[in-house]
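The values are calculated or read from the model by the stated rules, or taken from the named source; none is laboratory data. Note that the structure is a prediction, hence the values are computed from the model and not measured. Virtual Cβ from ideal backbone geometry, glycine too; neighbours counted across all protein chains shown. In case anyone asks, the SASA skips ligands and DNA or RNA and just uses the protein heavy atoms, side chains included. Shrake-Rupley method; radii C 1.70, N 1.55, O 1.52, S 1.80 Å.
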Amino acid sequence: MVLSVRDLAVTRGGLAILEGVSFDLTPGEALVLRGPNGVGKTTLLRSVGGLQPPEAGTVTGAEDQIAYAGHSDGLKAML
C-alpha cells in the first residue's frame, strides 16, 4: 500500500474543515477530488503532503512516494 488515510480531521481557525476522512491507495490507483470551492480539497491534499498537520487521524505511506504540487493560496498576505 502506498497511502493510507484514517479518520483524518483538519481544522483551520478553530473551525472543522475535514472530519472522518478515510481512504487507501495502492500502486496504480488514483483518487479524484471533486467539489465546490471551500469544501476542503486543497486542505486534504496539504495534509496528506505533510504541509498541514491533522487535528486527528493518521496519514501513512512511503514518504518518498508522496509529493504535493499545488496552486498558490488564494489569500493575500497583506490582507
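Restricted to region 1-25, and to residues that are open to solvent by 60 Å² or more (accessible area, probe 1.4 Å) and outside any strand (DSSP E or B), which residue is farthest from residue 72 (Cα to Cα)?
1
Please specify each residue of region 27-64 satisfying the condition of being without any contact (Cβ under 8 Å) to a residue 40 or more places away in the chain, part of a loop (DSSP other than H, G, I, E, B) and open to solvent by less than 60 Å² (accessible area, probe 1.4 Å).
35, 40, 49
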